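These notes are about the structure you will find just below.
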Amino acid sequence: MHRFGAVIAALTLGVPFAASAAEITRIASSFEDDDPFDLFLDVGFERTQTRAKIVREQLRDGDATNVPEVNELWYKGVDARLNLAVAFGLWKDLEFSFKLPIVFQQNETWNFVSGTTQGNSTITNSCFNADGSPYSDEVCVGRLFQVPQESYRGGLGNVHFGLAYAFFNQEKDNTKPTWIVGIDYEAPTAKQRDPSLDNTDPDGDRGNVGDRVHKYQLYTTFSRKMGVAEPYFKASHTIPVRGPGAYSNCDQSSAPAPGNLGAPYNCYREPWTRQETGIKAPSQTALTFGMELVPFENAAKSQKFTLDLRLLGNYVGRGRYYNELSSALRKLLTSDDYLQVGGQVGVTARAAEAFTIRASGNFLYNTDHLLTSESIGQDLNGDGTVDTAVGSPELNPTFDWRYDLVSRRFRAIQSTTFRFDLGATFSF
C-alpha cells in the first residue's frame, strides 16, 4: 500500500491550511499489480482560534488629512469541528476524496480593549443613521451594537469532493519526485448563515454556518525524499462562485427603519441587483514550503515516526463576506485584501500499516486590513462622480455612512490565528 496521499484541502473564509502532517503527497492508488485497492479513512478534531484588535478611524477637527485610529475592541473567534474524510483510488495514482465537517461551535466574542468604555467608545456613541442623517434625539448610546457581545453558531459544514492524480510517484520511480495535481471542490451544502439574525443567546438556537458559495481549489504538490528528509512544496488557488441561496444584504431592505442599509430603496433596481449586493467571497492563493523528517522507521513492522515543519503563506483577496464584525453589525461587510504568514509543526506516528495518528499546530499572522470598506456607489450617468444625494439611484444600498465612510471605518490589526489538529488515519 502506498505511503503517500493527496491532500484533502479545506480553505475556508479566515481558515486555510487544514492539511495535517505527512499528508501533503499521500495518494490513494488502485489496480496496481501488488495492491489492487487503496482506501484511507481520516477522522480529525480541529480547533481554530482567531484573535484581533479592532480599531476605528476618527476624524479630528474636520481635517480629512488627520484621521487617527482609536482602539475599540478585542475580537475572538473559535471554530471547533470534527472532520470525517475518505479517500480511495479510482485507478493507478488517481484518487477521489470526500470530506464532511461537523462544526461543534463557531463562536465569536467582542469586548472593549483596555481604556475604552461605554462612555468613550465610538461604537456606543454613534449619533448617525445608516443613511448618514443624524439621530433626532439628543442622547446616542448603544447605536451600532452592544458590547460586550457573543455570537453562537454550529451545524454541518460544507461537503468537499476531491480528485488528484500523481504524474510522478517516487515510490514507483526513485529517479523522480512525487508530483500531484488536484482539484478540491467545496459544495455549498451547509444551511445559509443569516447575519441579520440574533444568535447571542447561548441557550437559544445556534446560527447556521453556510456561506452558500461554491469553491474550487486547484493545487499542485511536489516532494522528494532524500534520506531521512523529504522537502516538499504546495501551491494552490481557490476560486469562489456564488451558489444558490447565497445571502444578500438587500434581504434586509424591508426591515423597519432605521435599519443598516444606507439606501434600501435602491435594492433590486439596476444596477443594484440581488447578485450585486450579495456575497462576494474572496479568491485565495496559498504557498506552502516544508520538510518531513523521519527520525525513526521500522519498515519490517510498518512503523514510522515523522516530524513535519512548514512555512505557510496565503493571500486573501478583497470581498464582501462574513468577517470579524459581520455578526455584530448584522450584515455582510466588505474587507480589503490581506496576507497570512506563519508556520506549522506536526508529528505523525504510524503504529502499524493500517493505523496512523497525527497532531499539528500552526500559527498565522494576518496583516492589518479594513473590515468596512464598501464602495459608496456607481457613476451611472458618466459625469465622473457618484451622486450621494438622498434618493440618488447611484448610491450603493449596502453602503452604511456610519462605518463605510472614510474617517469612520473599522480595521483589524494585531490579528493572529492558531489552529490545533489531532487525527487518525485507517488504511485499507
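Remarks
- The residues in segment 297-323 that are part of a loop (DSSP other than H, G, I, E, B) and of a type in the set (Phe, Trp, Tyr) can be counted, and the count is 1.
- Selection status of residue 235, at pLDDT 95 or above, over 13 Å from residue 158 (Cβ atoms), over 14 Å from the mean Cα position of the chain (by Cα) and of a type in the set (A, V, I, L, M): yes
- Of the residues making up segment 152-184, those that are over 16 Å from residue 87 (Cβ atoms), among the hydroxyl-bearing types (Ser, Thr, Tyr) and at pLDDT 95 or above number 1.
- Qualifying residues in segment 54-73 (those that are surrounded by 16 or more Cβ atoms within 10 Å (Cβ to Cβ) and in contact with a Ser or Thr (Cβ under 8 Å, 6 or more places away or on another chain)) - the one farthest from residue 406 (Cα to Cα): 73
- For residue 384, the conditions (1) touching a strand residue (DSSP E or B) at 6+ places or on another chain (Cβ under 7 Å); (2) open to solvent by 20 Å² or more (accessible area, probe 1.4 Å) are fulfilled apart from (1).
- Taken over segment 205-230, residues that are out of contact with any Gly (no Cβ under 7 Å at 6 or more places or on another chain) and in contact (Cβ under 8 Å) with a residue 12 or more places away in the chain amount to 16.
- Hits in segment 337-376 - residues which are buried (at least 21 other Cβ atoms within 10 Å of the Cβ), in contact (Cβ under 8 Å) with a residue 60 or more places away in the chain and in a strand (DSSP E or B): 340, 344, 346, 348, 356, 358, 360, 362, 364, 366
- Screening residue 418 against (1) farther than 14 Å from residue 262 by Cα; (2) assigned to a loop (DSSP other than H, G, I, E, B) leaves a single unmet condition, (2).
- Residues satisfying the stated conditions in segment 31-48, i.e. open to solvent by less than 10 Å² (accessible area, probe 1.4 Å) and either modelled with pLDDT under 95 or of a type in the set (Lys, Arg) (or both): 38
- Count of segment 280-295 residues, restricted to those that are open to solvent by less than 50 Å² (accessible area, probe 1.4 Å) and farther than 20 Å from residue 211 by Cα, is 5.
- Summed over segment 74-108, the residues that are surrounded by fewer than 21 Cβ atoms within 10 Å (Cβ to Cβ), over 23 Å from the mean Cα position of the chain (by Cα) and of a type outside the set (Phe, Trp, Tyr) give a count of 3.
- So residue 315, is it in contact with a helix residue (DSSP H, G or I) (Cβ under 7 Å, 6 or more places away or on another chain), surrounded by fewer than 18 Cβ atoms within 10 Å (Cβ to Cβ) and hydroxyl-bearing (Ser, Thr, Tyr): no
- Total residues in segment 66-105, condition in a strand (DSSP E or B) and under 30 Å from residue 120 (Cα atoms): 10
- Yes/no for residue 201 being under 23 Å from residue 147 (Cα atoms) and at pLDDT 95 or above: no
- Positions within segment 232-279 being among the hydroxyl-bearing types (Ser, Thr, Tyr), more than 30 Å from residue 292 (Cβ to Cβ) and buried (at least 19 other Cβ atoms within 10 Å of the Cβ), in sequence order: 247, 248, 253, 277
- Residue within segment 215-223 that is part of a loop (DSSP other than H, G, I, E, B), crowded, with 17+ Cβ neighbours inside 10 Å, under 15 Å from the mean Cα position of the chain (by Cα) and of a type in the set (Lys, Arg) present: no
- Residue 408 of a type in the set (Lys, Arg), open to solvent by 20 Å² or more (accessible area, probe 1.4 Å), within 29 Å of residue 150 (Cβ to Cβ) and modelled with pLDDT of 95 or more: no
- Residue identified as touching a residue at least 60 places away in the same chain (Cβ under 8 Å) and in contact with a strand residue (DSSP E or B) (Cβ under 7 Å, 6 or more places away or on another chain) among 130, 164: 164
- Taking the criterion of being closer than 20 Å to residue 195 by Cβ and touching a Leu at 6+ places or on another chain (Cβ under 7 Å), the residues of segment 404-428 that qualify are 409, 410, 411, 412.
The values are calculated or read from the model by the stated rules, or taken from the named source; none is laboratory data. Quick caveat: nothing in here was measured; it's all calculated off a predicted structure. Because the Cβ atoms are built from the backbone with ideal geometry, glycine has one as well, and the counts that use them run over all protein chains shown. These accessible areas exclude ligands, DNA and RNA; they are computed on the full protein's heavy atoms, side chains included. Shrake-Rupley method; radii C 1.70, N 1.55, O 1.52, S 1.80 Å.
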